[in-house]
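First the structure, in the form of structure tokens, and then the observations on it.
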Amino acid sequence: MTPLSENLPPRISEEDRDAAVQRLQDAFTQGHLSHEEMDARLHQALTAKTPGALVEALTSLPEEDAGTTATITVAGGRIHRRGAWRVPRTLTVASAFGRVHLDLSRAVIEHPVVDIELQLGTGRARITVPRDAMVDVEALQAGWKDPVYKVPRRPRTGGPTIRISGTMGFGRLKIRHARR
């Protein structure tokens, strides 16, 4: 006899549902869907119970922009991004030796969910996120020290979700919310 949980279909995460709604809205604004078709597909995406039903709402849409992925790699030295830079949907940061500082507080973030994959050997990393961002570090594997991140006492809502994954050897990751 199999446990009941094995018979249940996988659940759809809110991030997956949000990403599907964003793709439908983008397709509508780009003229790929009529207003009626967008309404029907939005309803289908918002009421989908399985990943297959969610994918069905997205059939025949054009592929997502290839510009939604970027990689920053350096063997030694510093990686520093700050100011009004455009954050891709998926960002991979690789550094064998050196420091990494990503300041997202004034960055242009167009996606509801941003995935940052860290591949760091040694050195420190610091990520500053917007005040209203949600941060998820569950998929990050730290070899030496755990990441330092304090959830705000009064978290704000409405901002992007920043998911940080990857591996860190010797070094420490500090994550903080912007003060203003």
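Coordinate-derived values only; no laboratory data. Quick caveat, the model's predicted, so the values are computed rather than measured. All Cβ positions, even for glycine, are placed from backbone atoms using ideal geometry, and neighbour counts span all protein chains on display.
Numbers below:
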read-out: Distance histogram for the stretch 24-98 (every C-alpha pair counted, 10 angstrom bins, percent rounded to whole numbers); value: 16, 31, 23, 18, 11, 1
read-out: Those GluC sites (Glu not before Pro) in the stretch 75-180 that DSSP places in a loop and that have at most 11 other beta carbons within 10 Å; value: 138
read-out: Backbone HN-Hα couplings from phi across the stretch 147-162 [Karplus 6.51/-1.76/1.60, Hz, Gly and Pro as x]; value: x, 9, 8, 10, 5, x, 4, 10, x, 8, 10, x, x, x, 9, 9
read-out: Placed amide H near residue 178: partners under 5 Å, 5+ positions off or other chain; value: 129, 131
read-out: Convex hull (Cα only) mean projected area of the stretch 102-152, reported in nm² to one decimal; value: 4.1
read-out: Against the rule of thumb 2.2 N^0.38 Å, how large the Cα Rg of the stretch 10-57 comes out; value: 1.08
